[in-house]
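Shown next, in structure tokens, is the structure this report addresses.
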Amino acid sequence: MKEKTQVEDIDRSLYDFRYSDDDFYKVRGGLTAEIVEEISREKNDPAWMRDFRLKSLEVYNSLDVPDWGPSIEGLDMDNIVTYVRPNMKKMATSWDDVPEDIKNTFERLGIPEAERKSLAGVGAQYDSEVVYHSIKEEMARQGVIYTDMESALHGEYADMIKEHFMKALPITEHKFVALHGAVWSGGSFVYVPKGVKLDIPLQSYFRFNAKGAGQFEHTLIIVEEGGYCHFIEGCSAPKYNVANIHAGCVELYVRKNATLRYSTIENWSKNMYNLNSKRAIVEEGGKIEWVSGSFGSHISYLYPMSVLNGEGARAEFTGVTFAGNGQNLDTGTKVLHNAKNTYSYINTRSISKDGGINTFRSSVHMTPNASGSKSAVSCESLMVDSISRSDTIPAMDVRVSDADVGHEARIGRISDDTVFYLMSRGLSEEDAKALIVRGFADNVSKELPLEYAVEMNNLITLEMKGSIG
Amino acid sequence: MMKINNLPARTWNHLNMNDTSVSLDLTCAGPLDYEEELPAGVDRVTGRGISPFSDRPLRTGLGTEFDMAMGDTGIKPSGYIVSEKNKIEMPVYQTFKYDSEDDCNVNLMDYTIGENGCLTVIQNFVSEETAKEKTAIVQNRYTIAKGGSLTIVQIQALSDNFTFFSDIGGHIDNDGNFKLVQIILGGGRNYYGSFTDLVGKSSKVDVDVAYSLNRQQTLDMNYVGNHCGKLSESDINVSGVMKGEAKKLFRGTIDFHCGCSGSKGAELENVLLIDDTIVNQTIPLILCDEEDVEGAHGATIGRLDDNILLYLNSRGIEKSEAYALMERAKLDAVAGQIKDKRTRDYVAAKIDEMTA
Amino acid sequence: MADLLRISGLKASVEDKEILKGVDLTVNDGEVHVIMGPNGAGKSTLGSVIIGDPRYEITGGSVFFDGEDITGEDTDKIVKKGIFLTFQNPIEVPGITLANFIKTALEAQTGERIKMWDFKKKLEATMKVLQMNPEYADRDLNVGFSGGEKKKAEILQMLMLKPKLAILDETDSGLDVDAVHVVSKGVEEYKKNVGGALIIITHSTRILESLKVDKTHVLIDGKIVTDGDAALIDTINEEGFERYTA
């Protein structure tokens, strides 16, 4: 377990460092059929995948950018390099086989250490390709599969991939899902067999090093009947003065009576356009638990969706979003209640500071199939100063009478009395406010494994530094 | 086609909540000659009797496009002016009986409340049962000067062949307040909007709406409390009951602009659903550009609470009766906001008629 | 005397946990029964199950009332036959006044509309007996009522609805002097004017001081372990429940 409680030791360089990528393979900037075909060739795609990429590109070109969210004018796809392959021959299963710079990167982020201490398996992606993947032997013995998407696509699970790939999230969903379909690369595939319960988490870490590039990893997880899995994803990148784009896709299939917990600590650098899509399809008695901490990115569009298709299926979403200077983070969740006695619980907190813009956006939809269903949404926003902004846009659409939909939202500021009280006990104003904000975000930190909670609290402390003025 | 009831901050288009498209033929539209009881002390003028105290445009709930279309009809507004310190105790009673052969009636009403002036307007909308499709439009615009107060009460019990538009908007200066009570019992297709510009310090708006929808009735709403002045307050309460194949969309927004420090806004929606064929949409927004504010919204949608139902059952009241009681309770609660006894009795009788 | 309530081998559970494990109890017309027992024995559950609270699942046995099998019947149908249960924590119902609520319940019971004037007179008179502020009639049901006021509102409903059997669940009110007074007064009035049977669930005996008790039952761990007359109350007051729990 990492002991990082001394907050003074943290500095921004923890995430903001970079190495040379001169000898990496890159496609040229922009998005054309030639580039898509080049990526497909380089990745040695099966024919169906090549066709799928080209079809996705067509859909991408036919769709408009969203007219309702933060502006993405600063993102010029003509300048984005969509594929950057680190200079290594094949994915490593031992850190010793990972090139020095890349290995150093993950060492500095604490990944190999966490793997040794508290994880059942680890995947590490550097720019467009997964550089390292491993799973503890005892997990593999139970039939658990944890590998990179490329290996899965070419190996014995090829049919399973083909059957599920972009079925939960069809490419027609929106422009950036289509973009993903065209240029996706990397990501993880997890398969948890019937009845297998993983008691320690799996983690994938996505590191973005290249300048002016895009990361488009695909995560596909299937938890079979009665299984349990906790998957953690982390992401970070060094800051550049040009736009980077992340348009990953996460597709989760939670079968009958299975449970999947999907935790994310997102800390992309503040030049990132994070246009990520996540969706879980939950069957009878199954449960999806989203835990989401969003701290990074310049612009974010992120709304993990739970589709409750089986009777008694459940979804929980616990999120915190921290928008600081130069950030416009549009986050939230969607739930589709499409079967009897389904249940959703959404609990989010957002913090706006130093000119940051936060939007909580949600949609809870109950179809006529959803009798006996319940949904409770609670969202709270904290305004740290008066130059920031926080909007709450929750939609509810109920088409069944035997339903129970509750919603509450609240917005406010840090109470002067509380700050004063803490200061009267010897805390500085800065420390007092950081403490209050950490407390405010404890809905998420309580749900994370300890070392991730500590990391998240450090991020908050870091963001709160210099907030007095 | 015209877009009305625009959501102040847009969201996913596929939800169909951002705005509503209506086609409106205003070529033959003329005003309805409504019955009026006018208490002493109110100046009645024809033509835009409104003189905004600030240079900002006056916005209404149904939106700019709709407001401009009203202006383009050339119909002369009825102006009501209450002078400084003139507190008028008796309400203005306006009864709109849509029993003529007109296809479309448009009435534009402007209210100017002087400093510390006070006025209550009670509007009743009634019709005979006919098969003919008709449109009724009423727009109420107002400016309320410092310390002034305006209350508008609308009771709408039109038959299902009516398309009804109620468009409201105005400015409020320091310490002024606007109170709106709307009871929606009829109308086939209903469009309601209210935009309150809380310009002055300590200005206040209170909105209470109750509706009961059945058959194929639709109700499309847009209520905005636009907080600009310091210490301004808004309170939007909407509650209703839905049966049959009724459709409803409630948009409610508390918009805190930079500089409105010390302001408070609350909105609450409570919907009781009775049939599985209804469509109930709700989108309660809080937009916030100011640190020192308090905003809250809540919504409770669905069946009757299990505990309440059990308690009512334990006293021998069966489920359908329990729902009828709660429906009545929702309408009564808002009707109780009406101070004028004559109107309260009228509403009680209308509700009896409807729930009988 | 005909038996009014006959419970045989009644078993009930909540979320697969069995609370009542075979209860037998017979109450005749006009009798006063007291059920005592330690916390968690299932006393309140018994009252809830008799009136068909859907949170409990009846897993065995039967409940007969007035010669009719009411086991598993809907709550509103059961109570309309003449059973009334007071709630420990009556639910707050915004929008419905206490008066309107009682009137609706009375109409539901009789199936006839009641004239407002007659009803008001009767309600005011009954409220007076309970020393209840008449303003409460027009306040929303239980909303913002203090504990004592809620208790009065429950007893008021009992007196207005005139059940053949009233079940007073007084498990938690043993220490509140005001509540004891209200309940005693209400019970006295009920016996005098309605003459129905009573089941009092309690572990306080102060309510019972001015009342002629016909039978006493001790409920422990979901079963009635002993029956007796009024004298059993004194025995339990002195000795507690230890001798029955062993």
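The values are calculated or read from the model by the stated rules, or taken from the named source; none is laboratory data. Every value quoted in this text rests on a predicted model; they were computed, and no experiment measured them. Positions of Cβ are backbone-derived with ideal geometry, glycine not excepted, and every protein chain shown enters the neighbour counts.
The table that follows gives values for the structure above.
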read-out	value
Condition check for C:Val213: at pLDDT 85 or above, closer than 13 Å to C:Ile35 by Cβ and in a loop (DSSP other than H, G, I, E, B)	yes
So C:Gly60, is it surrounded by 19 or more Cβ atoms within 10 Å (Cβ to Cβ), more than 23 Å from C:Tyr190 (Cβ to Cβ) and in contact with a Leu (Cβ under 9 Å, 6 or more places away or on another chain)	no
Within segment A:403-426, considering residues that are farther than 19 Å from A:Thr331 by Cα, of a type outside the set (Gly, Ala, Ser) and surrounded by 16 or more Cβ atoms within 10 Å (Cβ to Cβ), the one farthest from the other protein chains (Cβ to nearest Cβ)	A:Leu422
Qualifying strands (runs of 3 or more DSSP E) (wholly inside segment B:5-67; at least 1 residues being more than 22 Å from B:Phe250 (Cα to Cα))	B:35-37, B:42-46
Subset of segment C:9-22 (residues that are of a type in the set (Gly, Ala, Ser) and either touching a helix residue (DSSP H, G or I) at 6+ places or on another chain (Cβ under 9 Å) or within 14 Å of C:Gly72 (Cβ to Cβ) (or both))	C:Ala12, C:Ser13
Among the candidates A:Ala140, A:Ala168, residue that is closer than 21 Å to A:Gly187 by Cβ, without any contact (Cβ under 8 Å) to a residue 24 or more places away in the chain and either assigned to a strand (DSSP E or B) or not charged (D, E, K, R) (or both)	A:Ala140
Selection from segment A:386-402 of residues that are within 7 Å of chain B (Cβ to nearest Cβ) and either at positive phi or of a type in the set (A, V, I, L, M) (or both)	A:Ile393, A:Ala395, A:Met396, A:Val398, A:Val400
Complete set of residues in segment B:311-345 that are assigned to a loop (DSSP other than H, G, I, E, B), buried (at least 19 other Cβ atoms within 10 Å of the Cβ) and either among the charged types (D, E, K, R) or at the interface with another protein chain (Cβ under 7 Å from one of its Cβ atoms) (or both)	B:Ser314, B:Arg315, B:Gly316, B:Ile317
Count - residues of segment A:58-76 that are within 14 Å of another protein chain (Cβ to nearest Cβ), surrounded by 14 or more Cβ atoms within 10 Å (Cβ to Cβ) and aliphatic (A, V, I, L, M)	1
Single condition C:Thr202 does not satisfy, out of (1) within 22 Å of C:Gly40 (Cα to Cα); (2) out of contact with any helix residue (DSSP H, G or I) (no Cβ under 8 Å at 6 or more places or on another chain)	(2)
Residue ID - surrounded by the fewest Cβ atoms within 10 Å (Cβ to Cβ), chosen from residues in segment A:221-251 that are under 16 Å from the mean Cα position of the chain (by Cα) and of a type in the set (D, E, K, R)	A:Glu251
Residues (among the basic types (Lys, Arg) and over 13 Å from the mean Cα position of the chain (by Cα)) located in segment C:21-69	C:Lys21, C:Arg55
Positions within segment A:430-454 being free of Cβ contacts under 8 Å to residues at least 24 places away in the same chain, among the small types (Gly, Ala, Ser) and over 27 Å from A:Arg261 (Cα atoms), in sequence order	A:Ala432
Segments classed as strands (runs of 3 or more DSSP E), wholly inside segment C:1-119, with at least 3 members that are within 14 Å of chain B (Cβ to nearest Cβ) and closer than 30 Å to C:Thr235 by Cβ	C:83-85
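Listed here are the residues, each with its yes/no results for (1) at pLDDT below 90; (2) more than 14 Å from chain C (Cβ to nearest Cβ); (3) more than 22 Å from A:Asp416 (Cβ to Cβ).
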position: B:Phe256; (1), (2), (3): no, yes, no
position: B:Ile274; (1), (2), (3): no, yes, yes
position: B:Ile301; (1), (2), (3): no, yes, yes
position: B:Leu304; (1), (2), (3): yes, no, yes
